[in-house]
Amino acid sequence: MTTDVSTPDSLLPFTKLVLGVSAVVQLIFGVVGLFLTDLWNGLFWTAPLAPWPYEVARFAFINYLATAIAAAYALYQRRWIGARVYFAFSFPYIVMSVIVALITAVKPGVPAIMWLYVFLSVLYLPAVAYAWIRQSRAS
């Protein structure tokens, strides 16, 4: 039996929370988009946006599942070095997603649920930045 010894590289509780939420959200999007594409197109991605074709959905949503695995693995490792790599990907990805949502809002427009995604992204980005700053100082 091994014991978990805290090191300067150990994850802080808030960082674990952000990773856990990230993994769950990515998993939900990945599973719904990949296996329940009709539900995705009817609930998560509605008009005026064009529905996801099944072939495109298969390729796109495996990325969500992969990022869920990456976040879960960083959480499993319990080390800042792993979480930092995940955050280095997720932070710019979310920034670019918000920019694309705003551009898309001009034409053809976005469904109301897209504004919820933007709102959640606006909450997520400072959470990642805060976790990054706190972890960097602790390490």
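Counting only C-alpha contacts under 8 Å and six or more residues apart, can you give the relative contact order of region 1-121 as a whole percent? Please list the in-between numbers first.
Numbers: 94 pairs, mean separation 39.6, N = 121.
Over region 1-121, the number comes to 33 percent.
Give, rounded to the nearest 20 debye, the magnitude of the charge dipole that region 10-139 has about its Cα centre when Lys and Arg contribute +1 at Cβ and Asp and Glu contribute -1 at Cβ.
With only Lys, Arg, Asp and Glu charged at Cβ, the dipole is about 580 debye.
Give the Kirkwood hydrodynamic radius (Å, one decimal) of region 1-70, defined as one over the mean of 1/r across all pairs of different Cα atoms.
The answer is 14.0 Å.
With Cβ to Cβ distances under 14 Å as the rule, what net charge do the other residues near residue 22 carry (K, R +1; D, E -1)?
+2
List the residues of region 85-99 whose backbone N lies under 20 Å from a point placed 7 Å from the Cα of residue 134 along the Cα-to-Cβ direction.
In region 85-99, the label zone of residue 134 (backbone N under 20 Å from the point 7 Å along Cα→Cβ) covers 85-92.
Determine the per residue accessible area of region 1-125 with all protein chains present and a 1.4 angstrom probe, expressed in square angstrom.
61 Å²
Would you mind computing, in nm to one decimal, how far apart the modelled labels at residue 46 and residue 59 are, each placed 7 Å from Cα along Cα→Cβ?
2.8 nm
How large is the helix-only mean residue ellipticity at 222 nm for the chain, computed as the sum of -39500 (n - 2.57) over DSSP H runs with n ≥ 4, divided by its residue count, in deg cm²/dmol to the nearest 500?
Theoretical 222 nm ellipticity from helices: -26000 deg cm²/dmol.
Between residue 28 and residue 76, what is the label-to-label distance in nm when each label sits 7 Å out along the Cα-to-Cβ direction?
Once both label points are built, they end up 2.3 nm from each other.
In degrees between 0 and 90, to the nearest 10, how far off the longest principal axis of the chain does helix 54-77 point, with axes built from Cα atoms?
Tilt of helix 54-77: around 10 degrees.
Residue 103 versus residue 121, label points 7 Å from Cα toward the beta carbon: distance in nm?
1.1 nm
Given just the C-alpha atoms of the chain, how large is their convex hull per residue in cubic angstrom?
Value for the chain: 108 Å³ per residue.
Angle between the Cα long axis of helix 112-138 and the longest principal axis of the chain, 0 to 90 degrees, nearest 10?
Approximately 20 degrees, to the nearest ten.
Would you mind checking the tilt of helix 80-106 against the longest principal axis of the Cα atoms of the chain, expressed as 0 to 90 degrees and rounded to 10?
Compared with the principal axis, the helix lies near 20 degrees.
The values are calculated or read from the model by the stated rules, or taken from the named source; none is laboratory data. Model, not experiment: these values are computed from the prediction. Quick reminder, even Gly has a Cβ in these numbers, built from the backbone with ideal geometry, and neighbours come from all protein chains shown. These accessible areas exclude ligands, DNA and RNA; they are computed on the full protein's heavy atoms, side chains included. Shrake-Rupley method; radii C 1.70, N 1.55, O 1.52, S 1.80 Å.
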